[in-house]
Amino acid sequence: MSWIDDPAFTADAPFGPQTLPYGVLPGGVAVRVGDRALLLRGLALGERLEPLVATGTLDALLAAGRPAWSELRARLVEIASASSAPRGAELVGLDGASLPFTVADYVDFYSSRHHAENVGRIFRPDGEALLPNWTHLPIGYHGRAGTVVVSGTPVVRPHGQRRSSAGPVFGPSGRLDIEAEVGFVCGGPVASRLTPSQAADHVFGVALVNDWSARDIQAWEYQPLGPFLAKSFATSISAWITPLEAFAVARVSPPPMGHDLLPYLVEERSWGLDIDLRVEWNGTVVSRPPFREMSWTFAQQLAHLSVNGATVRPGDLIASGTVSGPARDQRGSFLELSWGGKEPVALGDGERTFLEDGDTVRITATAPGENGSVVGLAEVVGTIAPADER
Ligand code: MN
């Protein structure tokens, strides 16, 4: 029996001792234990680990690399499972969590075949649903690190240009959307030309991401170079980063691609992950996207993005792309759920196609853990604030 006597801190709860995600609270670096958090300051962690968690971010820990991550996690499992409270242990509430690390580069991929085919059919009804390069390389684009925000931050409806029959018009987006995604937080030594097998040593942990998207701005601007202002206004991420080690038994192989891959993308053992997402729109569950359906893994994404000599640095955020499954109620964007705005989605308080001011979207997820336990990914939540008046 752990000294942390709490039904939310058991093996069948998402934030039990099998998960121990890291975040930053007003009291400093912490691990989540159920519905509370254990501050790491004041704990006897040894002279190697203590400086890594002594500042107000996870940055030093991210840079320290896999051996330090494993050592700290083992020590925290021991502390959290002890029968009596260790000296210096301080439990606090979860309020006031900040963006837990300095986001270096942010890359967003496009790795769900179902999502790519749906968007292709909606945006290019007369063309091929899937472009010919898609099954040969993980398609992605460089996003905007400076506007990655922590879960709970309000999202202001963006202004931009959109197409109309009378030419382009400017104003607040009328087709504001979400993308339910899984994000991988990088760390360890700066490296390039990673193999898929090396990639896992450059991933500290996993979080949920909402890649807010203005579809009317996107439809007008995205050709030929991809999304720009339609997505750069805000990207939300969970306040708690679940260590990659917690996903050891969640590894699965992605669906078959249908042809051989070029050797630099071939994994010895796949890093597909059996994660179930859940999307709530104003409290109504509208989708349950299955991450196991993704065609490209983070290991392949990191191998691809660094194969030309580009570096992977601590704090880099690699997002999976919208997670959509084959069924209607597994679609990870409202563009797909409403099929381009044509099929309204029923909520408890009426129907929607895209987001209205005041709407709240909450994404949560779980994965199988050791010995039948459940591993949680902390929520990413955001509420739409009206466009500013300027
Ligand atoms: Mn995206």
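Highest mean packing comes first when the peptides 75-83, 144-152 are listed by Cβ atoms within 10 Å, giving 144-152, 75-83.
How large is the helix-only mean residue ellipticity at 222 nm for the chain, computed as the sum of -39500 (n - 2.57) over DSSP H runs with n ≥ 4, divided by its residue count, in deg cm²/dmol to the nearest 500?
-4000 deg cm²/dmol
Ligands, DNA and RNA are left out, and with a 1.4 angstrom probe the accessible area of the chain is 41 Å² per residue.
Using the Cα gyration tensor of segment 279-339, with a ≥ b ≥ c the square roots of its eigenvalues, what is the shape: rounded (a/c below 1.5), prolate (a/b larger than b/c) or oblate (neither)? It comes out prolate by the Cα gyration axes. Determine which residues of segment 165-187 fall in the zone a paramagnetic label at Thr55 would reach in this model, i.e. backbone nitrogen under 19 Å from the point 7 Å along Cα→Cβ. Under cut-off, by backbone N: 185-187.
Taking only protein heavy atoms and a 1.4 Å probe, the accessible area of segment 250-303 is 50% carbon and sulfur. Compute the relative contact order of the chain as a whole-number percentage, counting only Cα pairs closer than 8 Å that sit 6 or more residues apart in sequence. So the answer I get is 22 percent.
Remark on Ser287: its backbone amide H falls under 5 Å from those of Val279, a criterion applied only to residues 5 or more positions apart or on other chains, H modelled at 1.01 Å from N.
Computed 3J(HN,Hα) for segment 266-275, one whole-Hz value per residue from the Karplus formula 6.51 cos²θ - 1.76 cosθ + 1.60 where θ = phi - 60°, is 7, 8, 5, 9, 5, 9, x, 10, 8, 10, glycine and proline marked x. Once you order the gyration tensor axes a ≥ b ≥ c over the Cα atoms, which shape class does segment 86-196 get: rounded for a/c under 1.5, otherwise prolate or oblate by comparing a/b with b/c? Here segment 86-196 falls in the oblate category. Note on Val156/Leu91: beta-carbon distance plugged into 1/(1 + (r/R0)^6) with R0 of 41 Å gives a FRET efficiency of 0.75. Maximal additional length on extending the Asn371-Glu128 stretch stands at 83.0 nm, based on 0.36 nm per residue less the C-alpha distance. Heavy-atom surface analysis with a 1.4 Å probe gives segment 99-176 a carbon and sulfur content of 54 percent of its accessible area. Taken as Cα centroids, segment 356-390 and segment 100-161 sit 17 Å apart, rounded to the nearest whole angstrom. Here the chain is treated as an ellipsoid with the same Cα gyration tensor; its semi-axes, largest first and in whole Å, are 35, 24, 19.
In percent, rounded to a whole number, the relative contact order of segment 22-92 is 34, using alpha-carbon pairs under 8 Å and six or more apart. For the peptides 36-46, 271-281, 341-351, the ranking by mean Cβ contacts within 10 Å, running from highest to lowest, is 271-281, 36-46, 341-351. Taking 15 Å as the cut-off, the amide N atoms of segment 80-117 that come nearer than this to a point 7 Å along the Cα-to-beta-carbon line of Thr147 belong to 106-108. Modelled spin-label separation between Met257 and Ala74, with each label point placed 7 Å from Cα along the Cα-to-Cβ direction: 3.6 nm.
Local charge for Ala104 was computed over the other residues whose Cβ lies under 13 Å away, with Lys and Arg +1 and Asp and Glu -1, and equals -1. Across segment 27-40, computed HN-Hα scalar couplings (Karplus, 6.51 cos²θ - 1.76 cosθ + 1.60, θ = phi - 60°) run x, x, 5, 8, 10, 7, 10, x, 9, 10, 9, 9, 6, 8 Hz from first to last residue, x flagging Gly and Pro.
The values are calculated or read from the model by the stated rules, or taken from the named source; none is laboratory data. These figures come from a predicted structure and were not determined experimentally. Virtual Cβ from ideal backbone geometry, glycine too; neighbours counted across all protein chains shown. Side chains are part of the model used for accessible areas, which takes the heavy atoms of the whole protein and leaves out ligands, DNA and RNA. Shrake-Rupley method; radii C 1.70, N 1.55, O 1.52, S 1.80 Å.
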